Each structure stands twice: as C-alpha cells, then as structure tokens.
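Trainee: The following block contains the structure, expressed as structure tokens.
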Amino acid sequence: MPNKFLNILLFFFLYKSIFCESDSYIVIPFNTFKNQYTPSQNIAEDYLRENINNTIYIELELGSPSQKIPSLLYSEEFGIFILNKKCPIPSGFNNIESSSTFLKSELHKNYTYKFRTQKDMLLGSDIFKFQMSDKSKKQTVLDFMYSPNLDEKSSIKEENGEKHFADGNNYEYTCAGIGLRAEQYIGNEYEHNFISQLFVKEIISNNYFSIIYDDNDESDDKGIFLIGIEPHLYDKEKYEEKNIRRISTKGRNFFIFWSLHPDLIYFENNGQKINVTNNLVCSLEYNLGLIYGTKEYQDLIKQYFFDKLILEKKCHEEIVHNAYTVFYCYNKNDIKKFPTLNLYLQQFLFTFNLDYNDLFLEKNGKYFFKIIFDKNNKMQWKLGKPFLKKYTLFYDYEAKTVGFYNQELFKKRSKIWNVLLYIFSFIIICVFGFVGFHYGKKAYDKVRKKRIYEIDDNYEYNNNEKINSNSFVEMMIKPK
C-alpha cells in the first residue's frame, strides 16, 4: 500500500512538471539614487533639485566574464541603451567592450535624434543573465543602443531643458538605461524594448511588469521591479485576483507614456465639490519625484487654501527659475486642513485620493507641497512618486492595459451582499415564522377542539351516569 501511494505521488509530480507550465518571472530589487547638491540660498530651489528627479535603478548581470551594471528605469523611454562614462551611480562595471561576447554594428551610427549629446551611437548586443523566481538562472542575448562616448566634447546642446539620456557631462561610471514606455512613437525598429525581448525569447511567461515600493522601507526609496507576472501571483496575501480592474491605453496620448484618464478630478471645500480640470490625461512617470499639476488646479487650490495662509504669513509661494511655482508652509496643523485631491476613474470603479500626508514633505521645519506647477506645462497632469508609491499599478505590453487592484470593490460588494443576506434572512425568518405560527395555531386549535369534544363527551357520560344513579336511588326508595 505505501509503495502504491508513492507511485501515485511520483506520477502526479511528473505529470505536473511535463504538462503543466509554471509561470516564469523575475524579481529584481530597485533602489533610488540621490544626487548630492551644494545648498543654495533659496530653499525652494534646493527642494526642487533634491526631489524633482526620482532616479530608480536595478542591477543587471551581463557580458563574459559577467559584470553587474546599474540600470536606470525610464518611464519616458522605450528601448535599452548603454552610454559609456555617463553615469553618476558608483559601480565596479568596466567598459562593455571588455566582454568577449559583446557584438556591435555600425549600421545605425547616424541615429542621433534621441541621443543628441552623443554622436557615436551603435547597435550592440551581449549576454544578459537573470535570477529567476525558482532560483534558477537563465541567460539570453539582448540588443541595445551603445555609445562608447569617445568624443568627450559634444557640440550638440540640449534644447528646452529636455533630457536626451545624458546631461552633456561625463562621469566616472557607466550605466544602462531600461525604457518602460508603452510603445515607441519615434525611432526605428531596431530599438527593442527590454521586457518585450525577454518575452519573445521565452525568459518570462508574460509581458507584464510592475514597480512595487516596499511598505516597510522608511526611506521610501526601495522596492521590487516585477517582470513577467501579475502582482497577485507574486504576493497573494497583499493582492487578490478578484479585485483586478484593467483599462486600455490604446489610441490615447500616442503611447508617449503609460497614463490614466480620470473621469473627474476634484477636491471638496465645506462640503462643496470643486471640479478641478477638464484635461483628464495623467501620465504615469516613475522618474518624477513630485507631481505636476495644471494651471486650473493651481488657481483653485490657491483660492480655497493657500491664499488665506499666505496672507497670514503661514505659507509662502515662490517661483523658481522663472518657471516652477512652489508652495510651502510653516505649521503642520495648517496643512492638516488641506483639501484631499481626488481622481475618480469609472473603469476602475475607484477614487484615488491624496491627502496632506501624501502631498507635503517636511524639510528643515518647513512643509513643502509635492505638487509643483510649470508655466511651460499648464495643461498636463504628471503623476510621479507621491502617487505611484501609494498605488500599485501593473502594465501589460501585449494588451496595452494598465491594471489596478481595487480592494474597495470587494468590500463594497461584501457590504451589499451582507445587506442582501440580512434582508433575505429576515424574509426567510418571517416566512418560516408565519408558516410556523399558522400551522402551530392550526394544530393548537385542532387539539383544543379535540379536548373540548372529550370534555363534552365526559360531561354527557357523567350526566348520564348521574341520571342512571339517581334513577336507581329513586327505585330503591320509591314506595311499592
């Protein structure tokens, strides 16, 4: 009997391993690099310099012999690239050309539209190695754009302060860049996406990715980059499949960024709902440490909150570099009255909300507003770290959807179900109570009538007995 049981167990595991595919995915820890700045005389400028960028990066293993290279995650880019000596993040990574498996092609060396600070872009490839979820290791060859950066004095200057992968400065270290944008809209077919390449080469089972911050990290700078699986399959205790809602990004915003499209953005003042803006496109930008608000929101939040406090010298408004408007306050009790910002998405059946805890940062005794306003960007919401840390989203390259776990949805359904269950139980109790009362009363009446009949019968019998007894007595005493 024991041998038979072991054979069945062995057959089950063999069947599972042969016929049942398991999800293959990658979990890579990420960290945030904070550049060091020399303080200036302007505290609002220092606040922007320290917080406007959110430089999150992972480590990838590549080449022969293997090396680990810091790899920055870029929401606004699509492909993979390596720019030699253009990274401020310290690492022991040597030049990629020292790898014996590195290959390069000069077919696309004139591709400088996006790499304006580099004039020597090449198409490269090398072996990348990944630690899988089951502790095994897989490797594959990935393509990327590469600049050896031999010309240290680039004559091409950046325009309008835009970032084209590098800032024109040279550093001691080299980094990779991993683009996360939904789809390229400018570029050539050879600029391949990191996650799509992993999926095509069967390193991962699905085209999903998510960036999940660690709730237990007090610095708010660490988390995981989850590739190839939905979060509920990775952490079943935190996320539940039944709570998933998805929205499509097809045909919207030219795939420049992953984005949300709220049906309503509003806050409340003295019970009155204040509609904020008619432009409801919100790009999701993991490299942004703050939030960019629209001109409409700036005017309204000043009117309903900041103006009074500025007049009382409890808050301050400052314009930095003649472009960015920054607000900060002096007392925590004042910002506790800040009206919560709400973003309602009907497709998610959910209202995202950001209150004063989410939207103010304490620095040197002052409370800086995490929503800034750019005079060159009056109509576009950009949701950065304050939003994306609080709410975990996941992305599907194949379906071009953004997913979210609406935990309130199940709670609402549970409440509705509980109410319906209570009503149903009440009705059942009433029905059974009525039926029980009806049949109980009927049975009681039947028993009562029976007892009455028995009493009547006894009465008649006793009376007859008395009559017969009296007759007998009368017969005894009747004179003859």
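Trainee: How many of the residues in the range 385-410 are part of a loop (DSSP other than H, G, I, E, B) and among the aromatic types (Phe, Trp, Tyr)?
Mentor: 2
Trainee: Test each condition in (1) of a type outside the set (Phe, Trp, Tyr); (2) without any contact (Cβ under 8 Å) to a residue 40 or more places away in the chain; (3) in contact with a helix residue (DSSP H, G or I) (Cβ under 9 Å, 6 or more places away or on another chain); (4) open to solvent by 20 Å² or more (accessible area, probe 1.4 Å) for GLU318 and report the one that comes out false.
Mentor: In the conditions (1) of a type outside the set (Phe, Trp, Tyr); (2) without any contact (Cβ under 8 Å) to a residue 40 or more places away in the chain; (3) in contact with a helix residue (DSSP H, G or I) (Cβ under 9 Å, 6 or more places away or on another chain); (4) open to solvent by 20 Å² or more (accessible area, probe 1.4 Å), GLU318 misses (2) alone.
Trainee: If you don't mind, there's one more thing I want to ask. Would you mind finding the one in TYR391, TYR395, TYR405 that is within 30 Å of GLN197 (Cα to Cα), within 16 Å of the chain's Cα centre (by Cα) and free of Cβ contacts under 8 Å to residues at least 40 places away in the same chain?
Mentor: Of the residues listed, the single one that is within 30 Å of GLN197 (Cα to Cα), within 16 Å of the chain's Cα centre (by Cα) and free of Cβ contacts under 8 Å to residues at least 40 places away in the same chain is TYR391.
Trainee: Within the set of pairs 6+ apart or on separate chains, which have a first residue in the range 74-101 that is touching a residue at least 60 places away in the same chain (Cβ under 8 Å), a second that is assigned to a loop (DSSP other than H, G, I, E, B) and among the aliphatic types (A, V, I, L, M), and C-beta atoms under 6 Å apart?
Mentor: SER75/LEU180
Trainee: Right, next: Among the residues that make up the range 231-245, is at least one of them surrounded by fewer than 21 Cβ atoms within 10 Å (Cβ to Cβ), without any contact (Cβ under 8 Å) to a residue 60 or more places away in the chain, part of a helix (DSSP H, G or I) and among the charged types (D, E, K, R)?
Mentor: Looking through the range 231-245, at least one residue is surrounded by fewer than 21 Cβ atoms within 10 Å (Cβ to Cβ), without any contact (Cβ under 8 Å) to a residue 60 or more places away in the chain, part of a helix (DSSP H, G or I) and among the charged types (D, E, K, R).
Trainee: Is there any pair linking a residue in the range 34-60 that is more than 20 Å from TYR330 (Cα to Cα) and modelled with pLDDT of 95 or more to one that is loosely packed, with under 15 Cβ neighbours inside 10 Å and of a type in the set (A, V, I, L, M), with Cβ under 9 Å and at least six apart or on different chains, and which?
Mentor: Cβ pairs passing all conditions: none.
Trainee: Which ones in the range 323-333 are open to solvent by 20 Å² or more (accessible area, probe 1.4 Å) and in contact (Cβ under 8 Å) with a residue 12 or more places away in the chain?
Mentor: Selection gives TYR324, TYR330, ASN331, LYS332.
Trainee: Restricting to the range 196-220, name every residue that is part of a loop (DSSP other than H, G, I, E, B) and over 17 Å from ASN357 (Cα atoms).
Mentor: Within the range 196-220, LYS201, GLU202, ILE203, ILE204, SER205, ASN206, ASN207, ASP214 qualify.
Trainee: So which pairs qualify, if the first residue must be in the range 286-306 and under 17 Å from GLU318 (Cα atoms) and among the small types (Gly, Ala, Ser), the second must be outside any loop (DSSP other than H, G, I, E, B) and open to solvent by less than 10 Å² (accessible area, probe 1.4 Å), the Cβ gap must be under 7 Å, and the two must be at least 6 apart or on different chains?
Mentor: GLY293/ILE371; GLY293/PHE373; GLY293/TRP381
Trainee: Can you tell me how many residues in the range 208-230 are open to solvent by less than 70 Å² (accessible area, probe 1.4 Å) and modelled with pLDDT of 95 or more?
Mentor: 16
Trainee: Hey, does the range 188-208 have a residue that's within 16 Å of the chain's Cα centre (by Cα) and farther than 22 Å from TYR146 by Cβ?
Mentor: Yes, that holds for at least one residue.
Trainee: Is at least one residue of the range 287-309 open to solvent by 10 Å² or more (accessible area, probe 1.4 Å), farther than 14 Å from LEU383 by Cβ and in a loop (DSSP other than H, G, I, E, B)?
Mentor: Within the range 287-309, not a single residue is open to solvent by 10 Å² or more (accessible area, probe 1.4 Å), farther than 14 Å from LEU383 by Cβ and in a loop (DSSP other than H, G, I, E, B).
Trainee: Just for the range 350-384: of the residues that are part of a loop (DSSP other than H, G, I, E, B) and at pLDDT below 95, which one is surrounded by the most Cβ atoms within 10 Å (Cβ to Cβ)?
Mentor: So the residue we want is GLN380.
Trainee: Give the number of residues within the range 68-104 that are of a type in the set (S, T, N, Q), open to solvent by less than 20 Å² (accessible area, probe 1.4 Å) and either in contact with a Phe, Trp or Tyr (Cβ under 7 Å, 6 or more places away or on another chain) or assigned to a strand (DSSP E or B) (or both).
Mentor: 3
The values are calculated or read from the model by the stated rules, or taken from the named source; none is laboratory data. The structure presented is a predicted model; accordingly, all values stated were derived computationally and were not measured. Methodologically, a virtual Cβ is constructed for each residue, glycine included, from the backbone with ideal geometry; neighbour enumeration extends over all protein chains shown. Only protein heavy atoms, including side chains, enter the accessible area calculation; ligands, DNA and RNA are left aside. Shrake-Rupley method; radii C 1.70, N 1.55, O 1.52, S 1.80 Å.
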